[in-house]
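One structure is given below, encoded as structure tokens.
The values are calculated or read from the model by the stated rules, or taken from the named source; none is laboratory data. Everything numeric in this text was worked out from a predicted model, so none of it was measured. We place every Cβ from the backbone using ideal geometry, glycine too, and count neighbours over all the protein chains shown. Ligands, DNA and RNA are stripped out before the accessible areas are found, and what is left, the full protein with its side chains, is counted by its heavy atoms. Shrake-Rupley method; radii C 1.70, N 1.55, O 1.52, S 1.80 Å.
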Amino acid sequence: MCIRDRSKNDEIKSWVDNEVYELIDMRKHHVKNFVTGRWVLAVKQDKDGNFLKCKARWVLRGFQDRQKDEQQTDSPTATRPGFRLCCQLAANHGWDIAHIDLKTAFLQGEKFDAQRDVVCQLPPESGLPSYIGARLVRPAYGLNDAPRRWWNKVDTALRAFGLIPARADRCCYVLYSDKTAPHKAGRNTKQSSSGLLTQEAIDCAVDYLTDPVQGSPAKGRRTAGCLCLHVDDLFMVGDDEFKRRVIAKIKSTFSVGSEDINTVEFVGQKVKWSGKNTQKGIAAHISVDQNKAIDQLTEVPFDHNLKDDIACSPHLHTQYRSVLG
């Protein structure tokens, strides 16, 4: 069996393992919302750019979904400032940086309710006759609401692990330790001899300005770690308590595809600890670069003499899609 066929079989198995669908005989049911699909094949590389594996996805043609305009489709991701502050937090405390990629994320998403009714085409490699369709129990790749339903599930799980979303970044989660933060000298002075506002009064004013109802969730608490979420990529920094309370539970709750420590790749950025746990005299620091992503950029040449009414060849179609993203 070739690598491509093996990848397709793995994708079909993941649909079964995640209980994505129920088989129905379309000759006996009036199907109101039928969606076809197609294979999308890709080559996966490791963080150093070396060949890792071939990946196959059975992707549905979501534009055929008659209920697509009725669904909530937005799904937040971590911001650049949130990610950079997460790196700075790790550098300040000397924490390990970790990255986990979750397998078949959308197939693990939130289940459909009774109002959501989608029947899809199964891949020919499944060996089933064409009149057998799959009534979806949960989302699949290509449906407009798949990203949102996946985010609903992972967000609920992360908050159940004790993580709290940051007010400025909904997908930057903070874990506060069960232990209280160490006392900082000079910050609890109730009255200044000069009549000026004390540091405690200033902090209190800032808390009310930023969140007049709840106040700061970090007041008097020690930060044990931080997590940035981008769809199925999790960038995490933290101490031993964070590893026990969060990372271990993530591994037991979701299917993990890959895991890297201290040299990781997150949304096209290579993040690396340098000089950590080495001899004295070397300045330990965390570096972030996008050199790999930049090197992969290539110009797409187009013949400027092409007319609007010419037939689009498969090669030209691929180039056009790469420009549109």
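A few remarks follow.
- Among the residues making up the range 66-115, those that are touching a residue at least 12 places away in the same chain (Cβ under 8 Å), among the small types (Gly, Ala, Ser) and under 18 Å from VAL20 (Cβ atoms) are ALA105, GLY109.
- Extreme residue, farthest from the chain's Cα centre (by Cα), among residues of the range 1-28 that are in a strand (DSSP E or B) and acidic (Asp, Glu): ASP25
- Members of the range 135-151 found to be part of a helix (DSSP H, G or I) and in contact with a Cys (Cβ under 9 Å, 6 or more places away or on another chain), listed by number: TRP151
- Residue match in the range 32-41 (condition: open to solvent by 40 Å² or more (accessible area, probe 1.4 Å), among the small types (Gly, Ala, Ser), within 25 Å of TRP150 (Cα to Cα) and in contact with a Lys or Arg (Cβ under 7 Å, 6 or more places away or on another chain)): no
- Any chance LYS103 is at pLDDT below 90, more than 24 Å from the chain's Cα centre (by Cα) and basic (Lys, Arg): no
- Restricting the range 68-105 to residues that are open to solvent by less than 40 Å² (accessible area, probe 1.4 Å), of a type in the set (Gly, Ala, Ser) and assigned to a loop (DSSP other than H, G, I, E, B), the residue that is nearest to SER255 (Cα to Cα): ALA78
- Some residue of the range 87-107 being more than 25 Å from LEU234 (Cβ to Cβ) and not aromatic (Phe, Trp, Tyr): no
- Filtering the range 125-145 to residues that are in contact with a strand residue (DSSP E or B) (Cβ under 9 Å, 6 or more places away or on another chain) and small (Gly, Ala, Ser) leaves SER126, GLY133, ALA134, ALA140, GLY142.
- Boolean, LYS44 is at pLDDT below 90, surrounded by 15 or more Cβ atoms within 10 Å (Cβ to Cβ) and either closer than 19 Å to LEU143 by Cα or among the basic types (Lys, Arg) (or both): no
- None of PRO139, PRO129, PRO124 is within 22 Å of HIS29 (Cβ to Cβ) and open to solvent by less than 10 Å² (accessible area, probe 1.4 Å) except PRO139.
- The helices (runs of 4 or more DSSP H) falling completely within the range 218-325 that include 1 or more residues that are open to solvent by less than 80 Å² (accessible area, probe 1.4 Å) and more than 30 Å from ASN18 (Cα to Cα) map to 291-295, 314-324.
- Of the residues making up the range 217-258, those that are within 16 Å of the chain's Cα centre (by Cα) and among the basic types (Lys, Arg) number 1.
- Qualifying position, being surrounded by 11 or more Cβ atoms within 10 Å (Cβ to Cβ), basic (Lys, Arg) and within 15 Å of GLY133 (Cβ to Cβ), among ARG61, ARG4, ARG27: ARG61
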